[in-house]
Amino acid sequence: MATAAVPTSVLQLRPASRFGDRAFEWLTFAMSLGVVVLVILVGWQLARGSHLAITKFGFHFLATSTWDPVAEQYGALPFIYGTVVSSLLALIIAVPLSIATAIYLTELAPLWIRQPLASGIEMLAAIPSVILGLWGIFVMIPWLRAHAFPALKAALGWTPFFTGPIYGVSMLAGGIIIAIMILPIITSVAREIMRSVPNLQREAAYALGATKWEVTRIAVLSYAKNGLFGAAILGLGRALGETMAVTMVIGNTPQIKASLFAPGYTLASVIANEFTEATTDMYLQALFEIGLVLFGITILANLLAQLLLKTMTRKMTTRVAQ
Amino acid sequence: MSGSANHQFRKAKSLIASLLCSVAALLVIAPLGLIFFYLLRSGLSSLNVAFFTNLPRPVGEPGGGMANAIVGSGELLALASLIGVPVGVLGGVYLAEYGTARVNALLRFVADVLNGVPSIIWGVVVYGLIVLPFKSFSAYAGSLALGFMMIPLIMRTTEEVLLLVPGGYREAALALGISRWKTIVHIVMKTASKGIVTGVLLALARIAGETAPLLFTAFGNRFWNRSLAEPIAALPLQIFTYAISPYDDWHRQAWAGALLLVAMIFLINLLVRFLTRGRAARVA
């Protein structure tokens, strides 16, 4: 009885299940296309929201430094400058620290310390930007104003970068807070890359009589160079778009000053601060165009990072396959 | 003789480099300790019952709380999940189960590009998409921005955990005559359910603290939200508003809100760790 029932039920099921299969595959395909739709949506919205500003100001928008909404003058240069300088400062601080930490985590630290330290760094990555900003306002800025900046001024005041009045909120403060935000990502990517360096490389260097540092430099760092560069660029991508924490400590003044003690302004910050205050259409258009510029440069940075990391993994897989 | 001196020099150099790396590791982890210290010091004293149950008071009146922001954040996250979870999970299913290598490479690439989009841009996009046409900030707009951010995150984690399910499970199910989609839903996804939940939780932890996409979508509200089509308060927004205000009492509340937010995010992360530990043990 049971043996007779099985074949018929299978036969009955077959057409229905095929429809189900096709429907399910199409459903999941449609959902996976969601990411493509989203990218197009972002580009379309930003372009649509800013096309009047683009046609009116043209290339001028990127090259002028006057930002005066009352006089309908919109130049994005101070914001581009602020974004680039604060991000570069962040990279200068974060990249050496991150790579050194990754070396410590993969090559030097006692085994029992590695996992807890790595988890701690992951926890730092989980702290929301706005909370880092809060900490920046009430803890970091007063400390910088009272101790770090005067010391810097005393030591390096002869350069143009550390001159002028010290307010606390400044380009340098913005750079430091971004550095804290991108430390975890650069460290964890660099750590992954160093961990994937084959042990044979290290053993070969040790066999030549190299010291621990020489092994790290010759076998690990030179091998992982591209990947580490990719990690840094990935950090740059994050740094360029960082919004809340920077907005809270950078001072929000659209100016181009050589001194890092002077307040600055970034692309993301001006959107965050002025978007809801944009009273005229052209003002809003200009802010949309700033969004477009920000989107463009972060995409570029991310593409470059992906490319570098991909060549790195390809190198790994081919080496392993050999 | 000189060879030995050279050796000493190299060893010293190695030692110094090791020392520098250790110091760097200490510097990298220091902000975490400092932030925790100040969160606890300034936040704990301001956390009280009123903080959880009261609405914000007007400027100058001490007391009040963030009840509406706490509930608002919950509503926004729930609504965002309604968008982010189905699209992300099913998209991840396609990547893991159906897509060809070339299509997958493209989709993964696009998802990674999306992950790199600054969060403030999502606010701008949803402003143009929802707020401008409907002429109002709303809970819908805020949750849409957060939901968009969740999609690529969940898609990638879902794909990863589905790929961990051994191929034998699929083959066994198909050999029994079970249709492919039922195999995927009932066998593959069920086996990986913990991992999928983990991915969703991680995405929630990631967007729970997002402020930038809410600034001009959810906008914030000093009162209870009565309709999802109206502005709504959110914890990170409230922290931001209070942090940049000039009032000491608001600063205290900002610290309390920050402590609560960080505690929530770390609880989710702990839960994730607990879930993944179970899975790692089973795979081993």
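The values are calculated or read from the model by the stated rules, or taken from the named source; none is laboratory data. Here the structure is a predicted model, which means the values were calculated and not measured. Backbone-built Cβ (ideal geometry, glycine too); neighbour counts: all protein chains shown. Remember, those area values only see protein heavy atoms, side chains included, never the ligands or the DNA or RNA. Shrake-Rupley method; radii C 1.70, N 1.55, O 1.52, S 1.80 Å.
A few comments on the model shown:
- The conditions of being touching a Leu at 6+ places or on another chain (Cβ under 9 Å), open to solvent by 40 Å² or more (accessible area, probe 1.4 Å), more than 8 Å from chain B (Cβ to nearest Cβ) and assigned to a loop (DSSP other than H, G, I, E, B) are not met by A:Ile297.
- First in segment B:240-269 and facing another protein chain (nearest Cβ under 7 Å) and open to solvent by 40 Å² or more (accessible area, probe 1.4 Å), second anywhere and in a loop (DSSP other than H, G, I, E, B) and not hydrophobic (A, V, I, L, M, F, W, C), Cβ under 7 Å, 6 or more apart: none
- The residue of segment A:46-56 that is nearest to B:Ala96 (Cα to Cα), among those that are surrounded by 15 or more Cβ atoms within 10 Å (Cβ to Cβ) and within 8 Å of chain B (Cβ to nearest Cβ), is A:Leu46.
- Of the helices (runs of 4 or more DSSP H) lying entirely inside segment B:1-94, the ones with 1 or more residues being facing chain A (nearest Cβ under 9 Å) and of a type in the set (A, V, I, L, M, F, W, C) are found at B:2-44, B:67-93.
- Scanning segment A:273-294 for residues that are assigned to a helix (DSSP H, G or I) and open to solvent by 10 Å² or more (accessible area, probe 1.4 Å) gives A:Asn273, A:Glu274, A:Thr276, A:Glu277, A:Asp281, A:Met282, A:Tyr283, A:Leu284, A:Gln285, A:Glu289, A:Leu292, A:Val293.
The rows are residues; the columns are (1) over 18 Å from A:Glu274 (Cα atoms); (2) within 7 Å of chain B (Cβ to nearest Cβ); (3) open to solvent by 60 Å² or more (accessible area, probe 1.4 Å); (4) modelled with pLDDT under 95.
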{"site": "A:Val10", "(1), (2), (3), (4)": "yes, yes, yes, yes"}
{"site": "A:Arg22", "(1), (2), (3), (4)": "yes, no, yes, yes"}
{"site": "A:Thr28", "(1), (2), (3), (4)": "yes, yes, no, no"}
{"site": "A:Trp44", "(1), (2), (3), (4)": "yes, no, yes, no"}
{"site": "A:Gly58", "(1), (2), (3), (4)": "yes, no, no, yes"}
{"site": "A:Phe61", "(1), (2), (3), (4)": "no, no, no, yes"}
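- For the condition in contact (Cβ under 8 Å) with a residue 24 or more places away in the chain, in the same structural domain as B:Asn269 (by TED's automatic domain parsing) and open to solvent by less than 50 Å² (accessible area, probe 1.4 Å), B:Leu163 does not qualify.
- Conditions (1) assigned to a loop (DSSP other than H, G, I, E, B); (2) within 22 Å of A:Leu88 (Cα to Cα); (3) hydroxyl-bearing (Ser, Thr, Tyr): number failed by A:Ser188: (1)
- Flag for A:Glu203 being more than 15 Å from A:Ala305 (Cβ to Cβ), touching a residue at least 40 places away in the same chain (Cβ under 8 Å) and acidic (Asp, Glu): no
For every residue, the table says whether it meets (1) open to solvent by 40 Å² or more (accessible area, probe 1.4 Å); (2) under 22 Å from the mean Cα position of the chain (by Cα); (3) within 30 Å of A:Val270 (Cα to Cα); (4) acidic (Asp, Glu).
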| position | (1), (2), (3), (4) |
| --- | --- |
| A:Arg202 | no, no, no, no |
| A:Ala205 | no, no, no, no |
| A:Ala210 | no, no, no, no |
| A:Ala219 | no, no, no, no |
| A:Ser222 | yes, no, no, no |
| A:Gly230 | no, yes, yes, no |
| A:Ile233 | no, yes, yes, no |
| A:Arg238 | yes, yes, yes, no |
